[in-house]
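These notes concern the structure reproduced below.
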């Protein structure tokens, strides 16, 4: 079962070496564990587009609860690169960050992939699972 509170961030555009990354898309989903309501707050940003379009909305937790539980279950099984931020080991130029009381998971590191080689290599099955995780996040938008 997924935690009652969590933060999820998906970012496209995490590769590029030592210079600052130029993400083409960022979305954040946030569920406050102490809130009286059952809302999930969503914010999307497309900084690579002219004018850096932003939008936000609120969705009912019941509409995404099954997806959140599936995402949580997948991420608990997936490795991240070592050292953090060294390499896009899933090859999708996309990172997912999950933070809750019992799980902190982030591929691509906080500054994207800065170059280098990871000592961790996901299996083909793990790459497929990561793609599914990306699809789950995108379906909640």
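What follows is calculated from the coordinates using simple rules that are stated; it is not laboratory data. Bear in mind the structure is a predicted one, so any value in this text is a computation, not a measurement. For neighbour counting, all protein chains shown are included, and Cβ atoms are generated from backbone atoms with ideal geometry for every residue, glycine included.
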Among 59, 8, rank each residue by its count of other Cβ atoms within 10 Å, from fewest to most, as a rough exposure measure.
59, 8
Taking the Cα atoms only, what angle lies between the long axis of helix 124-139 and the longest principal axis of the chain, rounded to 10 degrees?
40 degrees
Per-residue [θ]222 nm for the chain (sum of -39500 (n - 2.57) over DSSP H runs n ≥ 4, rounded to 500)
-7000 deg cm²/dmol
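Considering every pair of different Cα atoms, what Kirkwood radius, in Å, is found for the stretch 65-141? Write down the numbers at each step before the final one.
Details: mean 1/r = 0.0789 Å⁻¹.
Value: 12.7 Å, from the Cα pair sum.
Arrange 62, 86, 111 by Cβ neighbour counts within 10 Å, fewest through most, would you? Display every interim value, and only then the final one.
Details: 62 9, 86 19, 111 12.
The order, fewest Cβ neighbours first, is 62, 111, 86.
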Taking the Cα atoms of the chain, what is the range of coordinates along each of the three principal axes, in descending order and whole Å?
45, 38, 23
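In percent, how large is the relative contact order of the chain, given Cα pairs closer than 8 Å and 6 or more residues apart?
Values: 284 pairs, mean separation 39.5, N = 141.
Result for the chain is 28 percent.
Estimate the FRET efficiency between residue 67 and residue 22 by the formula 1/(1 + (r/R0)^6), using the beta-carbon distance for r and 41 Å for R0, to the nearest 0.05.
Details: r = 29 Å, r/R0 = 0.70.
For residue 67 and residue 22, the calculated efficiency is 0.90.
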Choice from 116, 108, 13 with maximal GNM fluctuation in the chain (Cα, 10 Å cutoff)
116
Pick out which of 53, 43, 11 has the largest mean-square fluctuation in a Gaussian network model of the chain, springs linking Cα atoms closer than 10 Å.
53
